[in-house]
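Take a look at the structure set out below.
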Amino acid sequence: MDGQLDRRAELSEFLRTRRARLKPEEVGLPSFGRHRRVPGLRREELAQLAGMSVAYYTRLEQGNGRNVSAEVLDAIAGALRLSDAEHAHLLDLAKPKRQKRKSVARTQQVRVALLQLLETVDTVPAYVSGRRTDILAWNRMAASLFGDWGRLPVGERNWSRLVFLDPEYRDRFVDWEQKASDMVSWLRMDAGRHPDDPRLSALVGELSVKSEEFRRLWAEHDVKEKSHGVKRMRHPLVGDLTLSFETFRLVDDPDQSFVTYHAEPGSPSAEALRLLASWGTDAAAPSTLTERRA
């Protein structure tokens, strides 16, 4: 894979896969029997729903979205029944913001105040993630729960690499398939915002070569953004945990997120976290606090 993702191809595939998942009867159109040449809606059916000519929509789906208006994209998003995250992704692909090259390659740094906050929040696992699902900084509890990221080479401190290439993480997440799907969705969103990022392109290329599961999920073009939810973990020392996570995007840098995990008070999972906190470095031999620069 070359130094950047093909934005036109990304737009084309995204629209095609979103159209393929809709059935005519779901949007009030006749299905014309069971023998349809394509899964889901035809281009002419989608164009009808969006209120535009078939020729215009066809050009857009072929990746020729130059000078497309926000109103047209909104109409297509409505016809395709896109989620908010999918709608935002469509806007990124069709009308990318003009960025200087250095804005893509610039070093991501975690603010000192956030590093201090990570040290303060010492009873729950917390970390800061950045572009390409890179792990930028974390506290001792995060290392105890997820493993000692400080022992990894800098280039391997990345959630997507760990989830798809490290067998330990396949065992650590009970719902591994869901975690894997979440990672691919994050990378898709990042690709829409930064299609000319060579490091992102290289990561996608590496994962595509080394992981069949990644290739399958990447080809589905699913996009979602989960700011909170529940993850079931399996820790080698304290066993199974059910933890709620919260993800906070930074207002001054939307490419960074502050993520925390916590357990229901009084639950077995809360007791497990308390044990991890009391064991400290004995739980995973983590560094006290580590920051890496992307």
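Read-outs: derived from the displayed coordinates by stated rules, not from any lab. Keep in mind it's a predicted model, so treat the numbers as computed, not measured. All Cβ positions, even for glycine, are placed from backbone atoms using ideal geometry, and neighbour counts span all protein chains on display.
At full extension, Ala85 and Phe245 could sit 55.7 nm farther apart than now, given 0.36 nm per residue minus the alpha carbon distance. Taking each residue as 0.36 nm, the span from Glu220 to Asp122 lengthens on full extension beyond its C-alpha to C-alpha distance by 31.4 nm. With respect to the chain, whose longest principal axis is taken over its alpha-carbon atoms, helix 70-80 is tilted by about 80°. The structure shown yields Cα Rg over 2.2 N^0.38 Å, and of the options [x] 1.26; [y] 1.12; [z] 1.43 that calculated value carries the label [y]. With a Förster radius of 45 Å applied to the C-beta separation of Glu44 and Arg151, the computed FRET efficiency comes to 0.20. The count of lysine pairs in the chain with alpha-carbon distances below 25 Å, taking only pairs 8 or more places apart or on different chains, stands at 10.
Using the Cβ-Cβ distance between Ala113 and Trp279 with R0 set to 35 Å, the FRET efficiency works out to roughly 0.80. The mean sequence separation of alpha-carbon pairs under 8 Å and at least six residues apart, normalised by the residue count of segment 7-96, gives a relative contact order of 36 percent.
Note on Tyr169, Tyr56: ascending count of other Cβ atoms within 10 Å places them as Tyr56, Tyr169, the fewest first. Charges were assigned to the Cβ only: +1 to each Lys and Arg, -1 to each Asp and Glu. The resulting dipole of the chain about its Cα centre is roughly 1060 debye. A Cβ-based charge dipole, computed about the Cα centre of segment 160-276 with Lys and Arg at +1 and Asp and Glu at -1, lands at about 200 debye. The modelled label-to-label distance between Asp253 and Arg16, using points 7 Å beyond Cα along the C-beta direction, is 3.7 nm.
Phi angles of segment 131-136 translate, via the Karplus equation with coefficients 6.51, -1.76, 1.60 and θ = phi - 60°, into HN-Hα couplings of 4, 6, 6, 5, 9, 8 Hz per residue; Gly and Pro are given as x. Using C-alpha pairs under 8 Å with a sequence gap of at least 6, the mean separation divided by the residue count of the chain gives a relative contact order of 23 percent. For a quick check, take a GNM of the chain with Cα springs below 10 Å and name the residue from Ala277, Ala143, Ala70 with the largest mean-square fluctuation. Of Ala277, Ala143, Ala70, the most mobile in the Gaussian network model is Ala70.
Arranged from fewest to most other beta-carbon atoms within 10 Å of their beta carbon, Met141, Met233 become Met233, Met141.
FRET efficiency for Arg170 and Val54, Cβ-Cβ distance as r, R0 = 51 Å, nearest 0.05? So the FRET efficiency works out to roughly 0.70.
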